[in-house]
Amino acid sequence: MDTLHLSRHISSQFNEEIEQIRNHVMAMGGLVEQQLHHALQAIANGDTDKAQQVIDNDRKVNDWELTIDNECTRIIARRQPAASDLRLVMTILKTIADLERIGDETRRIAMVALESFNNEQQDLLVNLDNLGRHVWQMLHDVLDAYARMDVEAALSVYKEDKRVDREYEAITRQLMTYMIEDPRSIPKVMNVLWSARSLERIGDRCKNLSEYIIYLVKGKVVRHSDESELERNARS
């Protein structure tokens, strides 16, 4: 965080408030990461109890978003931050919105574990598990990059989203073929398909988080940039 010069702010109380909010963001991120990990475990092991736990815990993710949102609102009202301080507060608001949406997608994934699949249909979950592990690693890496304000790590996560998209497209083709061959399987396969879509969206959210890190450190808006332009801005 030294890059942002927050430690040199004239108000030590302001610094403490900002640091507390950053710690809360990391706690929220840790919970969301744990939720995704548990949801994937529930699917892999057919663990309905763990799936239900993920579903129930989604409200804790929502509570974190509300808490941090209120903290940011109070800081803006009291401190009227400018420059890098305001950039940090506004980026935190965007970050928690994406984390909350990752929580929503994770809840949808956990609901698949409440479904029963026969042995043949279980094979469909293998590729879903592979995609899930990839997306979970993206989330883990981007949260680590956020904690360290590591632009290079954020850039690596950004680039991983293309691989996730390709994996999602491959799973979609496989599931469509399965439904054509066995129309009776359509309701169950559609649930798997929506879970794969949720994982792809989580990958997109991780990509957003990567962009926020680059914006925070470099002060450059990189949304809607192509990869080469984003990379130039991140490294300049």
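A short reminder: the numbers here are calculations on the coordinates, not readings from a lab. All values reported here derive from a predicted model rather than from experimental measurement. Using ideal geometry, Cβ is built from the backbone for each residue, glycine included, and neighbour counts are taken over all protein chains shown.
Scan the range 184-236 for residues that are in contact (Cβ under 8 Å) with a residue 12 or more places away in the chain, under 20 Å from GLU160 (Cβ atoms) and among the polar types (S, T, N, Q) and the total you get is 5. Among the residues making up the range 72-101, those that are assigned to a helix (DSSP H, G or I) and more than 21 Å from the chain's Cα centre (by Cα) are THR73, ARG74, ILE75, ILE76, ALA77, ARG78, ARG79, ALA83, SER84, ASP85, LEU86. Would you say ALA170 is within 22 Å of SER84 (Cβ to Cβ) and among the small types (Gly, Ala, Ser)? No.
A quick yes/no check of all residues on (1) closer than 24 Å to LEU114 by Cα; (2) buried (at least 17 other Cβ atoms within 10 Å of the Cβ); (3) in contact with a Ser or Thr (Cβ under 8 Å, 6 or more places away or on another chain):
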position: ARG166; (1), (2), (3): no, no, no
position: THR172; (1), (2), (3): yes, no, no
position: ARG184; (1), (2), (3): yes, no, no
position: ALA196; (1), (2), (3): yes, yes, yes
position: LYS207; (1), (2), (3): no, yes, no
position: VAL221; (1), (2), (3): no, no, no
position: ALA234; (1), (2), (3): no, yes, no
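Taking the conditions exactly as written (of a type in the set (S, T, N, Q) and under 24 Å from VAL217 (Cα atoms)), does THR95 satisfy them or not? So THR95 fits the description; yes. Right, LEU143: crowded, with 17+ Cβ neighbours inside 10 Å and either in contact (Cβ under 8 Å) with a residue 24 or more places away in the chain or not acidic (Asp, Glu) (or both) or not? When the stated conditions are applied, LEU143 passes them. When we screen MET179, MET149, MET138 for residues that are of a type in the set (A, V, I, L, M), surrounded by 13 or more Cβ atoms within 10 Å (Cβ to Cβ) and under 22 Å from HIS37 (Cβ atoms), the only hit is MET138. When the residues of the range 212-236 are filtered to those that are part of a helix (DSSP H, G or I) and acidic (Asp, Glu), the one that is nearest to GLU152 (Cα to Cα) is GLU231. Filtering the range 149-183 to residues that are touching a residue at least 60 places away in the same chain (Cβ under 8 Å) and in a loop (DSSP other than H, G, I, E, B) leaves MET149, ASP150.
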